[in-house]
Structure formats: structure tokens, C-alpha cells
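**Student:** After the C-alpha cells below, expect a handful of questions from me.
The values are calculated or read from the model by the stated rules, or taken from the named source; none is laboratory data. Given the structure is predicted, the values throughout are model-derived calculations rather than measurements. Backbone-built Cβ (ideal geometry, glycine too); neighbour counts: all protein chains shown. In case anyone asks, the SASA skips ligands and DNA or RNA and just uses the protein heavy atoms, side chains included. Shrake-Rupley method; radii C 1.70, N 1.55, O 1.52, S 1.80 Å.
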Amino acid sequence: AAARAAVTRLPAGGPAVEIVAPGPARAAASAGEVDLVLDNLLGNAVRHARSLVRVGVLPAGRWVRLVVDDDGPGIPEADRGRVFDRFTRLAPEVSVDGGGAGLGLALVEGLVRGRGGSVAAAAAPEGGARLEVRWPAAS
């Protein structure tokens, strides 16, 4: 439900956003934290995607995985760790709106790690970026 609500908050006219959620999943995080994480990850994905953003909400035992893939230029392997540093902006010229201040992914990492989770950047199957959050599941 939180992922669907985040999609409705995106600006109109962007790439298609597809949600894959095979079953209910509840992270051990507040609703506000979940919304901030979703808004930041989806905002970045939409900013860089060519035509598609895929959001996966996947229960995984004691964890909830949130996987956001886009079909944009991706994140170079050498930069995948530093995208979570404050004020890091890799290539604002490739985004439609010039990008933000470089704080969104740092905020995501802080919120998720604060709840005992992890966040990572990788390559998406479509060739773009994959950002994956692993939160402890709510009991």
C-alpha cells in the first residue's frame, strides 16, 4: 500500500512505474520513514529512467526487501558506495530536472540503517540502476 501511494505522489508524465508485490510485507519502520525512503528512491529512479521503473516489495523471511530498478544509465560500479554520501551527485546533466542536492540517498541510508537494515546500489536487469533496501520485518 505504501509503494502504491508513493507512485501516486510522483509527477505525471514520467516513465511507467510497475509494482511487483507478491504478498503483504511490513517493515519494522514508521510509516513516515517508509514514505521518505520510497519517495527518495522513486524520485531518483523516475529522474533517471528512460521509460520504466520497477518497484519490488518482497517479503524475505525476517526481512522485507524493497527493490527499485530503472532502465536509465545506471550507476557506475566505482560510484555505487559513494552515492549514499551526503551531497553526492554523479551526473546531474543526465536527469530531466538537474537532480537534487545529493541528500536523498544519504537520508535513505540513515533511516534504513537506523532500523537495523541495509541499503545497496547495483545494476538493474534492464541495465539501469538498482537500489535495494533490506529492512527487518515487523513482528
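**Student:** Considering only the range 59-75, how many residues are open to solvent by 20 Å² or more (accessible area, probe 1.4 Å) and at pLDDT 95 or above?
**Tutor:** In the first step, residues of the range 59-75 are kept if they are open to solvent by 20 Å² or more (accessible area, probe 1.4 Å); the result is 59-63, 65, 71, 73-75.
Next, from what is left, pick out any that are at pLDDT 95 or above: 62-63, 65, 71.
Matching residues across the range 59-75 total 4.
**Student:** Which residue pairs have Cβ atoms under 7 Å apart, sit 6 or more places apart or on different chains, and have a first residue in the range 103-130 that is closer than 14 Å to G74 by Cβ and a second that is β-branched (V, I, T) and at pLDDT below 90?
**Tutor:** A121/I75; A121/V83; A129/I75
**Student:** So, in the range 107-117, exactly how many residues are surrounded by fewer than 21 Cβ atoms within 10 Å (Cβ to Cβ) and over 12 Å from the mean Cα position of the chain (by Cα)?
**Tutor:** 5
**Student:** Consider E33 against the criteria (1) touching a residue at least 60 places away in the same chain (Cβ under 8 Å); (2) in contact with an Asp or Glu (Cβ under 6 Å, 6 or more places away or on another chain); (3) not hydrophobic (A, V, I, L, M, F, W, C): it satisfies all of them except one. Which criterion is unmet?
**Tutor:** Of the numbered conditions (1) touching a residue at least 60 places away in the same chain (Cβ under 8 Å); (2) in contact with an Asp or Glu (Cβ under 6 Å, 6 or more places away or on another chain); (3) not hydrophobic (A, V, I, L, M, F, W, C), the odd one out for E33 is (2).
**Student:** Then there's this: Taking only pairs six or more apart or across chains, which ones have beta-carbon atoms under 6 Å, a first residue in the range 12-27 that is exposed (fewer than 13 other Cβ atoms within 10 Å of the Cβ), and a second residue that is at pLDDT below 95?
**Tutor:** Qualifying pairs under 6 Å: G23/P59.
**Student:** Would it be correct to say that V46 is buried (at least 17 other Cβ atoms within 10 Å of the Cβ) and in contact with a helix residue (DSSP H, G or I) (Cβ under 9 Å, 6 or more places away or on another chain)?
**Tutor:** Numbers: buried (at least 17 other Cβ atoms within 10 Å of the Cβ): yes; in contact with a helix residue (DSSP H, G or I) (Cβ under 9 Å, 6 or more places away or on another chain): no.
The answer is no for V46.
**Student:** Still on this model: Given the options R4, R80, name the one that is open to solvent by 40 Å² or more (accessible area, probe 1.4 Å), modelled with pLDDT under 95 and within 14 Å of the chain's Cα centre (by Cα). Before the answer, list the steps.
**Tutor:** Numbers: R4 fails: modelled with pLDDT under 95.
Unique residue meeting the criteria: R80.
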